[in-house]
Every structure is written in structure tokens, then in C-alpha cells.
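Okay, structure first, notes after.
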Amino acid sequence: MSEKKYYKRIADKILDLKLRAFGATNIVGPKWCGKTETALQRSKSKIMLQKDPDKDALIYTAKVNPMALLAGEQPRLIDEWQDAPSLWDAVRSYCDENHGHGHFILTGSTSNLSETYHTGTGRISTMKMYPMSLYESLESNGSVSLLALFDKTENLEKGCKSDLTIDNLVFAACRGGWPESVLMDDKEAQLAIPKDYFQQIYSRDMFNVDKVKRNPQTMKALLRSYARNISTLAKKVSILEDVNATNPITDVTLDDYISVLEKLFIVEDVYGWCPSIRSKTAIRSGRKREFVDPSIAVVAQGGSPSIYNLDLKSFGFIFETLCIRDLKIYSQAFDGEVSYYHDNLGLEADCVLHLNDGRYALIEFKLGSVEIEEGAKNLNQMEKLIKEHNEESSAKIRVPDLKIVITGSQYGYKRDDGVFVVPIGCLKD
């Protein structure tokens, strides 16, 4: 049997740092995003709780003598540790008693820690993984580094060109960043992966979060409502109305179901950035609804490459979700944080990317080149208002370090007004 192919991940560098700094590292993220394979690249021994044929025996041992399962060459991988929660405290205790670092790598597809006694703070560091970005799946040529733009070592003097056509981009979004799908050569089979993923969310995975009984059809209705409202500031009441059309529930129940999707790392909403750029202006601070991968929204909408190629307006919302996913991945190495800005006078930025050193970029997502002017106008207006605010107020707001329009088109360049136009098919960390 040939060795399974591994595409390098941006998370590799983050995991290397964690292993040098902490006793144990817990890799979290949606299932099928590649956590186990990334961990296997660094581990020297392993326990695969969901795949081992002696799973029941391992779980019983974890209850009565968890330390016995920690013995092995380090770093030791404990895959899907939440199936035996007592292992968390065993790892924490081991790291308390044994100095050093890089003892264990844990992976988990749910954030539920309710059955553990201690958080593991200071001993167990947590890192988030996402499905693959376009750069990791080798579809973005990586000719433009996000960090290089911030550091001013890249100014697009010679421009850049993406290798992705709109058709390529539509297919990549429908397929998603699931490694198992990316590695396939069969396009029909690639599209089957997110369809199965979607079905498993409401038919199986939601029952693994806790012991609460929930209705699969209600969860399915919620996923479809999220997909209809993807990349928008849809209020909870709108989503509740959608779900109630077929599966009547209360707002408390809705919160519970959304919480399940968050614990499974299926949804990851984007929150508003709320600086007082201009006085007496209400800032919209609700959640922008987002899935962790655009393919989930595609399946929930009943979408496909053939449908979106004829309806690029609808695909624009999917495109934004893809861009948000990739920016979260690219900015992980420098602790980036993604938000958005929108006020009641219509001023907006689809994305505000903050670095941990205070620098930030204002970003607009525009699928086609004809929309670039509109995006640049928004960004320049925001920058102008921030400068005017700083002239009039003692409470200064940092001027944006970057203004970027990320596009689905093929050519990138720097405009005379300082706005960078960067195809998503050129971008990397």
C-alpha cells in the first residue's frame, strides 16, 4: 500500500511552536479537516480512539488507569481524546509532574470540555485547524504574501496573476477544503464528500456533543437557514422564522442548536468591529453568519458548480465565505483576528483583519473585476473618515495599514489610491 500523500499545512508551523513551548497541544477543529494527519507528521507514537479495533478496551482502561495509555514515545498522539475524557486530566497531571515540553498531541472534533475537571491552562495549549485554504490545496499560486503586504516588503510593483478561472474557483468552493476530497482526482467523488459531511452533522455528529436529545430535521432546517443567510447580518429572529416554518422551536432551543454547531466547529460567525469613527452613528454589531467551509453552505443550499456558474450573484456570498476561511488560516501564524465593519449610514468593510501587534487591514471581497471600484471606494471612504475623526478627537483610531480588495478575477495590482487588488488565487500567509 502506498504511503498517504500529505499536503503541507500552515498549521504545521504553529504546531511546531506549540510543541517547543508546552507540555501538550490540543488540536481542535471540524472533523475531516486534517487534524489527525497533521498530528501524525509530528508524533512518534499514537492512540487512535475512534479507529482502534480495541476501542472499548481502551476507553475502559482510560477510566480505571488512564496513565497506562500515556506510555509511549513522545510526542504521543491521543486522537479524538473526547471519547475518553479522563485522558485530559491524565495528560494535565503528567505535564504537572514532568517538566519539559512536547509530550503529547491531542485532537478533538468538539469543544465540549464539560466532563473534564481542569482546563489545562499553562500545560495544554489549544490550536485551531480549519479545512484547507486554496494555497494549501495548491490552487492559489501563493505569489502574494499577506504578511509581506503588512511588512511593506511586497507592493505589487509588477502585479500578479492567478491561475484560477471563475469555473475553477466555483468548483473549489463547492468541493471545499476537506483534505480527503482535495486529494481525489474524481470530480464527482470530490463533490460527494461535503454532501456526506452535511448529512452526518444532523444525523450523527450532533448527538456526540452531549447527551441531550435533539431533532435531526430541526438541525437540518437550521443549517439551511444559515446557508440562506451566509455572509449576511441576519438576525436571530430571521433564522428562527426560517426554522419555525417547518420545525417550530423557541428561541432558547435555537440558541442550543446553534451552540451545538459551534461546538462541532461547523459555524464560526464573524463579529463587528466597533470604533466610533463618526459620532451619533449606530454601528451594526450583530454576527455575520459564516460556516467554517463554503462547501457546507453549498450543500445546504442545494448548490453545485453548474448552478453557480449560471448564477454568479448567488455565488458571491459563497465566495465571501471562502475568502473569510482562507484569511483566518493565513493569519493564524501571526495571531490574526477577523471582524467586519458596517454602520447605519451604509459605510462598510466586508472584513477587518487585525494582527496582534495592532496593525490592521480593511478588506472588501469582490468576485468580479467590475466591482473593484466600488470596493475601493468603500475602503477609501473609511480611511478618510478615520483621519477626519483623528483631527477632531483626542481618542485616536489607528489609520488602516492596508486596504485590500480580494477578487475572484485573475489580475492583481496596486491602485494609485493605495488600494491593493489581490486575486484570492494569488494569496498565501
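Here is the link list: LYS161/LYS288; LYS4/LYS263; LYS158/LYS428; LYS158/LYS403. Which ones come out longer than 20 Å on Cα distance?
Values: LYS161/LYS288 30 Å; LYS4/LYS263 29 Å; LYS158/LYS428 17 Å; LYS158/LYS403 18 Å.
Where the Cα-Cα span goes over 20 Å, the pairs concerned are LYS161/LYS288; LYS4/LYS263.
On full extension of the chain, what length is gained from ASP416 through THR250, given 0.36 nm per residue of separation minus the C-alpha to C-alpha distance?
Numbers: separation 166, 0.36 × 166 = 59.76 nm, distance 5.24 nm.
In short, 54.5 nm is gained.
From the residues ILE266, LEU233, ASN247, which one has its Cα farthest along the dipole of the stretch 185-268 in the positive direction, the dipole being from +1 and -1 charges on Cβ of Lys/Arg and Asp/Glu about the Cα centre?
Selected residue: ASN247.
For the stretch 56-99, with all protein chains present and a 1.4 Å probe, just round the carbon and sulfur fraction of the accessible area to a whole percent. Mind showing how you got there, number by number?
Details: 1020 of 2040 Å².
Carbon-and-sulfur percentage of accessible area, whole number: 50.
If I model a spin label as a point 7 Å beyond the Cα along the Cα-Cβ vector, how far apart are those points for ASP311 and GLU373 in nm?
Each label point lies 7 Å from its Cα, and together they span 2.9 nm.
Kindly state, as a whole number, the per residue volume in cubic angstrom of the convex hull around the alpha carbon atoms of the stretch 272-336. Intermediate values should be presented prior to the final figure.
Values: hull volume 7.7 nm³, N = 65.
Output value, Cα hull per residue: 119 Å³.
Enumerate the residues in the stretch 324-353 having an amide nitrogen under 11 Å from the point lying 7 Å beyond the Cα of ARG284 toward its Cβ.
Under 11 Å, as judged by backbone N against the label point of ARG284, lie 341-350 of the stretch 324-353.
For the chain, set up a GNM with springs between Cα atoms under 10 Å and report which of LEU347, LEU169, LEU223 has the largest fluctuation.
LEU347
Can you give the Rg/Rh ratio of the chain, where Rg is from the C-alpha atoms and Rh is the Kirkwood radius? Display every interim value, and only then the final one.
Numbers: Rg = 22.4 Å, Rh = 23.0 Å.
Result for the chain is an Rg/Rh of 0.98.
In debye, nearest 20: dipole of the stretch 205-276 around its Cα centre with unit charges on the Cβ of K, R (+) and D, E (-)?
Details: 9 positive and 10 negative charges, 42 e Å.
That gives a dipole near 200 debye.
Mind checking the per residue accessible area of the chain for me, 1.4 Å probe, whole number of Å²? Numbers along the way, then the final one.
Numbers: 19460 Å² over 429 residues.
For the chain, the solvent-accessible area averages 45 Å² per residue.
What angle, in degrees between 0 and 90 and rounded to the nearest 10, separates the Cα long axis of helix 251-263 from the longest principal axis of the Cα atoms of the chain?
It works out to around 70 degrees.
Taking H placed 1.01 Å from N in the peptide plane, check which residues at least 5 places from ALA84 or on another chain put their amide H under 5 Å from its amide H.
Residues meeting the amide H criterion: none.
Can you pull the percent of the stretch 261-413's accessible area that's carbon plus sulfur, 1.4 Å probe, other chains left in place?
Details: 3040 of 6230 Å².
Accessible surface attributable to carbon and sulfur in the stretch 261-413 totals 49 percent.
Under 5 Å between amide H atoms, partner at least 5 residues away or on a different chain: which partners does ILE27 have, H built in plane at 1.01 Å?
Under 5 Å from the amide H of ILE27 lie the amide H atoms of LEU106, THR107, GLY108, MET127, each far enough along the sequence or on another chain.
Which residues make up the longest stretch of the chain that has no GluC sites (Glu not before Pro) in a DSSP loop with at most 14 other Cβ atoms within 10 Å?
Longest site-free region, per DSSP loop and neighbour criteria: 158-429.
Mind checking the dipole of the chain: about its Cα centre, +1 per Lys or Arg Cβ, -1 per Asp or Glu Cβ, Debye to the nearest 20? Before the final figure, lay out each step's value.
Details: 55 positive and 60 negative charges, 67 e Å.
Using only the charged Cβ atoms, the result is roughly 320 debye.
Apply the Karplus curve 6.51 cos²θ - 1.76 cosθ + 1.60, θ = phi - 60°, to the phi angles in the stretch 319-327 and return the couplings in whole Hz, x for Gly and Pro.
The phi angles translate into 4, 4, 4, 4, 5, 4, 4, 5, 5 Hz.
If I model a spin label as a point 7 Å beyond the Cα along the Cα-Cβ vector, how far apart are those points for ARG42 and ARG20 in nm?
1.1 nm
Apply the Debye scattering formula to the stretch 167-256, with a single equal point scatterer on each alpha-carbon and no solvent, then give log10 I(q)/I(0) at q = 0.20 Å⁻¹.
At q = 0.20 Å⁻¹ the computed log10 ratios are -1.01.
Can you list the trypsin sites (Lys or Arg not before Pro) in the stretch 357-429 that are in a DSSP coil and have 16 or fewer other beta carbons within 10 angstrom?
Details: sites: ARG359, LYS366, LYS377, LYS384, LYS387, LYS396, ARG398, LYS403, LYS414, ARG415, LYS428; in loops: ARG359, LYS396, ARG398, ARG415.
The qualifying sites are ARG359, LYS396, ARG398, ARG415.
Scan around GLU268 for amide H atoms under 5 Å from its own, H built in the peptide plane at 1.01 Å from N, and keep only partners 5 or more places away or cross-chain.
For GLU268, whose amide H was placed from the backbone, the distant partners under 5 Å are GLU290, PHE291, VAL292.
I'd like the antiparallel share, as a percent to the nearest 5, of DSSP beta bridges with both residues in the chain.
Values: 16 of 47 bridges.
Bridges in the chain that DSSP calls antiparallel: roughly 35 percent.
Where both partners of a DSSP beta bridge lie in the stretch 275-429, what percent of those bridges are antiparallel, to the nearest 5?
Working: 12 of 22 bridges.
Around 55 percent of the beta bridges assigned by DSSP in the stretch 275-429 are antiparallel ones.
Within the stretch 17-134, count lysine pairs with alpha carbon atoms under 15 angstrom apart where the residues are 8 or more positions apart or belong to different chains.
Lysine pairs, 8 or more places apart or on different chains, close enough: 9.
The values are calculated or read from the model by the stated rules, or taken from the named source; none is laboratory data. On a predicted model such as this, the values are computed, not experimentally measured, just so you know. Here the Cβ is made from the backbone with ideal geometry for all residues, glycine too, and neighbour counts use every protein chain on show. Calculation scope for accessible area: heavy atoms of the full protein, side chains included, ligands and nucleic acids excluded. Shrake-Rupley method; radii C 1.70, N 1.55, O 1.52, S 1.80 Å.
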